[in-house]
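Below is one structure, written out as structure tokens; the observations come after it.
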Amino acid sequence: MDKSEFPGWHGTTIVGVRKGGEVVVAGDGQVSLGQTVIKGSARKVRRLSPGGTEIVAGFAGSTADAFALLERLEAKLEATPGQLQRAAVELAKDWRTDKYLQKLEAMLIVTDGAELYIVTGAGDVLEPEHNVAAIGSGGNYALAAARAMMDSDMEAEGVARRALEIAADICVYTNGNLTVERIAK
């Protein structure tokens, strides 16, 4: 089957919110193939501890591709302990130049509790404005909702949860089964 004929995997919304001295990364649990929900309880936000550095990462895109990228990120962090930005930049450089990695279809949100980045296969390591990052099929909905709530009295976790609830109400590839990880520095 030609890749253009394949219905494609959809079904991820990941949001990262930095507020009040902590960062929360939250993701929904839906995986869809075409118009069919394959799984509703996938865990797309994970805690990593390479070299003693605690990292929270959320991924959108192909799960196998995302796991390959998370393994590479862990290796970069072990080589540069405590330097998330440097590790993310090194991963993005490899991702853009390595023929194997170039074919990977995923995006990452990563944080160490102080820094918050979106890492893409185009070689981007983006520090989001307004302390909110979002990726995936419902990412723009979650981003808009979270940004609207940043001036409220809600803590980071409340903003992230409510933003994902709103995205799930709008995006058919997003559900309300959330995984939430909090990290402070």
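FYI, it's all coordinate maths here, none of it is from the lab. These figures come from a predicted structure and were not determined experimentally. Heads up, the Cβs are rebuilt from the backbone with ideal geometry, glycines too, and the neighbour counts pull from every protein chain shown.
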Exercise. On the given criteria, is A134 closer than 28 Å to S49 by Cβ and either in contact (Cβ under 8 Å) with a residue 60 or more places away in the chain or part of a loop (DSSP other than H, G, I, E, B) (or both)?
Worked result: yes
Exercise. Does L143 satisfy the criteria of being under 16 Å from T13 (Cα atoms) and either part of a helix (DSSP H, G or I) or free of Cβ contacts under 8 Å to residues at least 24 places away in the same chain (or both)?
Worked result: yes
Problem set entry | Members of the stretch 156-180 found to be under 24 Å from G113 (Cα atoms) and surrounded by fewer than 21 Cβ atoms within 10 Å (Cβ to Cβ), listed by number | E157, G158, R161, R162, E165, N177, L178, T179, V180
For this session: Report, by residue number, each residue of the stretch 126-149 that is farther than 12 Å from A168 by Cα and in contact with a helix residue (DSSP H, G or I) (Cβ under 6 Å, 6 or more places away or on another chain).
Result: H130, V132, A134, A146, R147, M149
Exercise. So which strands (runs of 3 or more DSSP E) stay within the stretch 1-110 end to end and still have 3 or more residues that are surrounded by 14 or more Cβ atoms within 10 Å (Cβ to Cβ)?
Worked result: 13-19, 22-27, 31-33, 45-48, 55-61
